[in-house]
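Student: Dropping a structure here in structure tokens format, bear with me for questions.
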Amino acid sequence: MLKLHVYGPYFGLPDGSPFCIKALTLLKMSGLPHSVEKMSFKQAPKGKAPYLDDNGTIIADSHFLQQHLETKHGIDFSAGYSPAQLATGWALSRMVEEHLYFLNIAFRWLDDENFNKGPRQFFAGLPGPIRPLISSMIRKKQRKTLFLQGLGRHSTEEQRSLAAGDIKAVEDTLGDKPFLFGDRPCGADASVFAFLWAASATLFSSPIKDDLRARPNVMAYIGRLQKLYFPDFPLQ
């Protein structure tokens, strides 16, 4: 039995991490029997979720998890699309995972209101006396990471403009198709869907969320995949 280790549901979403939502989606797409369990930082090879336990073989990171399902279990995430379409899917996946993700993190972690009603929940299980210390330390680490990465050096409006470009790239690729490239979702849909859904979470005040929700075609795309794979987590 495959065992996927994730953080767990937060913010009205199947998981607090879009990388975990991506991994959950890939496993649902695969049709392989699997269980979902709470992650352990002590057992996580890279100190984060998701990671997959395949009968004792541990695969960390959502990308390598997908690769493992393809090579070990023969799952075809191409959905029959052309190499050129899949190359576009690769580029869109990298865009949302390496660019939009950090822009969304900036609004969630660095805004006091968003942090207090969102990421602060991650530390609820810690002992009371050390909880404020650890949450403050991790928050400062996120701020430093965003600054070093570069996106944290931009103003709020500049960050919004960059995110809007990402959203438009998805919207233009999608056009009037139900999924990125046609009638069948592929592996790239798992990634793009996960990160857009996370960014659209209604719990947070964010110009990224506002811009996403102002694009009915993109929201309909998120809704189709949510209904297909996560009917227990209705799109809010």
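Every number in this text was worked out from the coordinates using simple rules, so none of it is lab data. Here the structure is a predicted model, which means the values were calculated and not measured. Every residue, glycine as well, gets a Cβ built from its backbone with ideal geometry; the counts of neighbours run over all protein chains shown.
Student: Please grab the % of Cα pairs in the range 2-81 that end up more than 15 Å from each other.
Tutor: Working: 1630 of 3160 pairs.
Tail of P(r) above 15 Å: 52 percent of Cα pairs.
Student: Just name one of F122, G56, M1: the one whose Cα is farthest towards the positive end of the charge dipole of the chain (beta-carbon charges, Lys/Arg +1, Asp/Glu -1).
Tutor: Farthest along the dipole direction, towards plus: F122.
Student: Further question on the same structure: Of the listed peptides 221-233, 124-136, what is their order by residue-averaged count of other C-beta atoms within 10 Å, with the highest listed first?
Tutor: Numbers: 221-233: 16.5, 124-136: 10.7.
Listed from highest to lowest mean packing, they are 221-233, 124-136.
Student: Stokes-Einstein D for the range 115-236 at 25 °C, 0.890 mPa s, Kirkwood Rh over Cα pairs, in µm²/s?
Tutor: Numbers: Rh = 16.4 Å.
Approximately 149 µm²/s, per Stokes-Einstein.
Student: Ordered by residue, what ³J(HN,Hα) values in Hz, to whole numbers, does the range 222-233 give under the Karplus form 6.51 cos²θ - 1.76 cosθ + 1.60, where θ = phi - 60° and Gly and Pro are x?
Tutor: With coefficients 6.51, -1.76 and 1.60, one gets 4, x, 4, 6, 4, 5, 6, 10, 9, x, 7, 10 Hz.
Student: What list of ³J(HN,Hα) values in whole Hz, one per residue of the range 23-30 in order, does the Karplus curve 6.51 cos²θ - 1.76 cosθ + 1.60 (θ = phi - 60°) give from phi, with Gly and Pro shown as x?
Tutor: Whole-Hz 3J(HN,Hα) from phi for the range 23-30: 4, 4, 5, 4, 5, 5, 4, 5.
Student: Shifting gears a bit: Summing +1 for each Lys or Arg and -1 for each Asp or Glu, what net charge is found among the other residues whose Cβ lies under 15 Å from the Cβ of A164? Numbers along the way, then the final one.
Tutor: On the way: positive: R160, K168, K209, R213, R215; negative: E157, E158, D166, E171, D172, D210, D211.
Spelling it out: positives minus negatives among the neighbours equals -2.
Student: From the cross-link list K72/K117; K141/K177; K72/K209; K38/K144; K38/K168; K72/K168, which pairs have alpha carbons spaced over 32 Å apart? Mind dumping the intermediate values first?
Tutor: Working: K72/K117 40 Å; K141/K177 40 Å; K72/K209 37 Å; K38/K144 28 Å; K38/K168 35 Å; K72/K168 35 Å.
Result: K72/K117; K141/K177; K72/K209; K38/K168; K72/K168 exceed 32 Å.
Student: Where does each of 14-23, 182-191, 166-175 land if you order them by average Cβ count within 10 Å, highest first? Before the final figure, lay out the partial values.
Tutor: On the way: 14-23: 25.3, 182-191: 21.7, 166-175: 16.3.
Peptide ranking by packing, descending: 14-23, 182-191, 166-175.
Student: For the pair L228 and Q121, what calculated FRET efficiency results from E = 1/(1 + (r/R0)^6), where r is the Cβ-Cβ distance and R0 = 22 Å, to the nearest 0.05?
Tutor: Numbers: r = 27 Å, r/R0 = 1.24.
Efficiency, from the Cβ-Cβ distance: 0.20.
Student: Hey, got the dipole for the range 1-80? About the Cα centre, +1 on K and R Cβ, -1 on D and E Cβ, debye to the nearest 20?
Tutor: On the way: 8 positive and 7 negative charges, 46 e Å.
It works out to roughly 220 debye.
Student: Taking the DSSP beta bridges in the chain as the whole, what percent of them are antiparallel, to the nearest 5?
Tutor: Values: 9 of 14 bridges.
About 65 percent, rounded to the nearest 5.
Student: Next question. Using just the helices of the chain, give the 222 nm mean residue ellipticity in deg cm²/dmol: DSSP H runs with n ≥ 4 each add -39,500 (n - 2.57), and the total is spread over all residues, rounded to 500.
Tutor: Value at 222 nm, helices only: -16500 deg cm²/dmol.
Student: Let me ask something else about it. For Y10, what residues show an amide H to amide H distance below 5 Å, using hydrogens built from the backbone and excluding near sequence neighbours?
Tutor: Those lying under 5 Å, H to H, from Y10 are D15, G16.
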